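Quick notes on the structure that follows.
Every number in this text was worked out from the coordinates using simple rules, so none of it is lab data. What you see is a predicted model, and the numbers here were worked out from it, not measured in a lab. Neighbour counts run over all protein chains shown; Cβ positions are idealised from the backbone, glycine included.
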Amino acid sequence: MISVIIPAYNEEQNIRDCLISLHNQTLPRDSYEIIVVDGGSADNTIEIAQEYADLVFIQESPKVGGARNDGALRAKYDIIATTDADTVLPPHWLEQIQKLFDDPIVVQVFGPVTPKEKSILNTFYLSLANNFARIGYYTKLFYFTLGCNTAFRKSTFIEAGMYHTVDAGDDLEIPRRMIAYGKVVFSEKLKIGFSMRRYTQFGALRSIYEWMYIVYRGGDSSKYQYTKRNY
């Protein structure tokens with residue numbers, strides 16, 4: 001049984017496709033729940049989410065990590081999967097997550113991403129990101145997990161302290177704590193559709209620079225607004 005947690009903020013243009021893809025999973029619909037944690041949207045995000053999700057509520061903790069934590073604490077099931085409101089999930093996504101957690105020592109799983117907005121440049125950038133994740137995983141030097149495509153054993157996630165509530169880098173930091181409790185697994189079968197709108201609108205190099213700047217400063221920055229920027 002899986003609880004899917006989706007933080008959302010002004011996502012009326014994207015969240016319906018995400019939620020439809022979750023309704024079209026190979027697992028029976030009664031074997032997972034969909035939780036949308038809204039960050040105070042001023043558009044119709046909540047109304048759209050209520051058409052598809054089992055639970056929709058306003059987040060109480062700050063930042064996107066806090067929204068995921070709020071969802072985890074209200075989740076009913078033993079496995080929690082996190083994604084973003086602008087992603088599209090393949091039909092087998094939850095089934096593959098379920099299979100990976102059949103191994104009792106697995107505490108976190110994650111996978112690669114492919115661009116929703118197809119172009120040579122977008123494919124190139126995400127190929128670099130995916131290869132970076134593979135290098136880190138297979139060398140065991142680091143775990144480049146993404147909050148849009150990861151899942152946890154709920155009890156371990158809570159025991160490890162959940163996501164740090166920072167602007168960026170929380171999804172890169174948490175596997176360093178999770179690995180102390182068990183096995184973190186990268187699976188090619190978890191590939192999902194990732195939106196490149198941030199990089200299209202603001203430029204890939206600028207977006208990467210902002211993300212690295214915030215991560216280097218420990219996850220917070222007054223210089224850049226990252227998690228609640230409108231696109």
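Computed values, structure above
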item	result
Residues with amide H under 5 Å from that of Phe144, placed H, sequence gap 5 or more	Tyr137
For Ser41, distant residues with modelled amide H under 5 Å away	Asn10
Under Karplus coefficients 6.51, -1.76 and 1.60, residue-wise ³J(HN,Hα) of the stretch 37-51 in Hz, glycine/proline x	10, 8, x, x, 4, 9, 10, 9, 4, 5, 4, 5, 4, 5, 6
Distance in nm between pseudo-label sites at Asp102 and Ala180 (7 Å out along the Cβ direction from Cα)	3.2
Order of Arg68, Arg74 - criterion: other Cβ atoms within 10 Å of each residue's Cβ, fewest first	Arg74, Arg68
Sequence ranges 152-159, 126-133, 23-30, 178-185, ranked by mean other-Cβ count within 10 angstrom, highest first	152-159, 178-185, 126-133, 23-30
In Hz, Karplus ³J(HN,Hα) per residue of the stretch 59-67 (6.51, -1.76, 1.60; θ = phi - 60°; x = Gly, Pro)	5, 10, 9, x, 6, 5, x, x, 5
Furthest towards positive pole of dipole, Tyr125, Thr87, Gln13, structure part the stretch 1-128, Cβ charges	Tyr125
Global form of the stretch 2-216, assessed from the alpha-carbon gyration tensor, a/c cut-off 1.5	rounded
Euclidean distance between Cα centres, the stretch 79-124 to the stretch 27-42, Å	16
Under the Karplus curve 6.51 cos²θ - 1.76 cosθ + 1.60, θ = phi - 60°, whole-Hz ³J(HN,Hα) for the stretch 171-185, x wherever Gly or Pro sits	6, 7, 7, 5, x, 5, 8, 5, 5, 6, 9, x, 9, 9, 10
Amide hydrogen neighbours beyond the local backbone of Ile79, cut-off 5 Å, H modeled	Ser3, Lys154
Relative contact order of the stretch 2-216, pairs being alpha-carbon contacts under 8 Å that are 6 or more residues apart, as %	24
